[in-house]
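For reference, the structure is listed below as structure tokens.
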Amino acid sequence: MPRPALWKGDQYARIAILGAGPAGLSAACCLREQGYGRITLFEQNSRVGGKVHSLPTADGIVEIGAVLASADYTHVLKLADDYGIDYQPYPVPLTFVEQHQQHTLMELLLSRHDAEETAQAIHNYASALQRFVCDQPLSQAHSELFRPFAQFAQRHGFMPVAQLAQSILVGFGYGNYEDTPALYLMQIIGWLLKVENGQLQLGEFFTFPSGYQSLWEAVSADFDVRLNARITTITPNDDNGPLHLIINEEHDFEFDALLISAPLNQLSQLMNWPEQHQQLFRQVNSLRYLVNLFCASKLPTETFSLIPEHAQPTPPHRTAAWANRSADKPVYISWQQACRNATPEQLNAALAEDIHNQGGEFKALLLRQEWDYFPHADSQALSNGFFRQLEQLQGQSGIYFIGASLSFETVEHSVRQACSLVQQHFPPVQE
């Protein structure tokens with residue numbers, strides 16, 4: 001039985017956080033609220049924000065990471081309010097493109113199914129949301145959610161809605177619904193597709209005129225954040241002794257606790273992890289997700305377009321969605337899930353072909369940002385107790401895990417999980 005950590009509740013406890021993205025910075029905020037004052041964040045990049053990356057260009061800010069904040073992003077929007085960061089409704093409509101025609105949500109659904117079948121599917125979808133979506137930890141989730149999402153939707157009678165949602169889920173980087181467990185997709189689908197008076201409608205989304213990253217820059221200004229600081233070695237504590245962190249292979253720091261926000265499948269080289277840790281880390285998969293900034297002509301402007309026919313596993317690396325926010329600027333941003341072995345030439349050819357098939361002409365690729373995205377466990381790992389076992393690792397040797405691997409790959413879910421962990425494991429400082 002390990003001895004209790006003597007530093008807990010001590011305002012002078014030295015706490016390190018690996019990563020200055022939304023999870024790491026939110027954990028820092030929550031630790032400060034609990035009374036802890038010696039918090040240091042180490043970020044290997046030259047900027048804060050993680051997968052929130054706002055790129056200034058001559059034509060304005062381009063989001064090459066996270067783009068939208070749902071109205072259900074209660075933690076994120078509260079932070080924005082607290083720091084005075086403006087957010088506004090997303091300026092263009094989200095539509096579905098099929099055979100060169102743009103459709104609303106209900107138009108596309110009713111074009112595929114009759115009114116009675118549509119109404120029943122929407123009713124069943126609302127029932128599934130009410131039954132299976134809650135705020136309980138993932139370690140306590142209903143085992144029915146471990147099934148692949150397509151199978152889950154079929155069993156619960158809302159397959160028409162799930163098929164429609166597939167283009168959104170693929171466009172947002174969450175894999176194919178025939179493989180991805182329902183546990184993950186049910187966490188977000190209720191934010192994307194709302195049920196109002198028996199009708200299906202898109203949720204409300206916001207964007208940040210100063211850039212999504214500006215929120216996290218504002219938060220980071222309150223803390224000791226070390227940029228270009230890569231943790232290269234972790235030596236865990238021994239019998240309540242300090243943790244040792246080697247930064248950039250040369251600087252040695254001592255801390256009482258460490259919160260790691262990096263994906264679990266990227267941690268193998270940081271220390272000689274116990275076998276139990278290694279087994280769980282190996283069960284985490286991720287996807288290759290691309291954001292392209294390109295010029296094109298003859299494509300519709302002032303729209304966020306989802307392409308349902310590209311929401312299938314084959315053909316590979318098709319453009320799942322693209323957007324343009326100004327009729328005066330023929331600059332577009334698109335999103336692709338791609339095979340690991342696809343070359344830049346193959347990706348460029350697929351993008352140009354997709355634009356051509358939508359009636360446009362590809363002019364030039366301006367930028368491509370590649371993300372290792374959506375860390376997740378498969379259905380078998382979930383059935384074997386992945387999250388329950390992961391929960392048991394929290395706090396061993398003074399190390400805690402936060403972020404998307406512990407929840408779901410959205411900014412809001414990462415923030416909520418980080419705050420929940422702090423509240424659970426870091427008691428308020430006693431005056």
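Tabulated values for the structure
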quantity: For residue 408, distant residues with modelled amide H under 5 Å away; calculated: 414
quantity: Once the Cα gyration tensor of the stretch 1-133 is diagonalised, semi-axes √(5λ) in Å; calculated: 42, 24, 13
quantity: HN-Hα J in Hz across the stretch 58-65 - Karplus 6.51, -1.76, 1.60, θ = phi - 60°, x for Gly and Pro; calculated: 4, 9, x, 7, 10, 8, 9, x
quantity: Square roots of five times the Cα gyration tensor eigenvalues for the stretch 382-426, Å; calculated: 17, 16, 8
quantity: Dipole magnitude of the chain about its Cα centre (Cβ charges: Lys, Arg +1; Asp, Glu -1), debye to nearest 20; calculated: 340 debye
quantity: Binned Cα-Cα distance frequencies in the stretch 221-349 - 5 Å width, integer %; calculated: 2, 8, 12, 13, 11, 10, 10, 11, 10, 7, 4, 1, 0, 0
quantity: Proximal lysines relative to residue 78, as straight alpha-carbon distance under 20 Å, when same-chain residues fewer than 8 apart are discounted; calculated: 51
quantity: Estimated FRET transfer efficiency (residue 276, residue 107; beta-carbon r; R0 51 Å; 0.05); calculated: 0.50
quantity: (1) 82, 59, 37; (2) 65, 49, 42; (3) 77, 52, 38, with the label sought being that of the calculated Cα extents along the principal axes in Å; calculated: (2)
quantity: GNM top mover of 24, 403, 395 - the chain, alpha-carbon springs below 10 Å; calculated: 395
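Laboratory data are not the source of any read-out in this text; all were calculated from the coordinates shown. If you're wondering where the values come from, they're calculated on a predicted model, not measured in any experiment. Cβ atoms come from the backbone with ideal geometry, glycine included; neighbour counts cover every protein chain shown.
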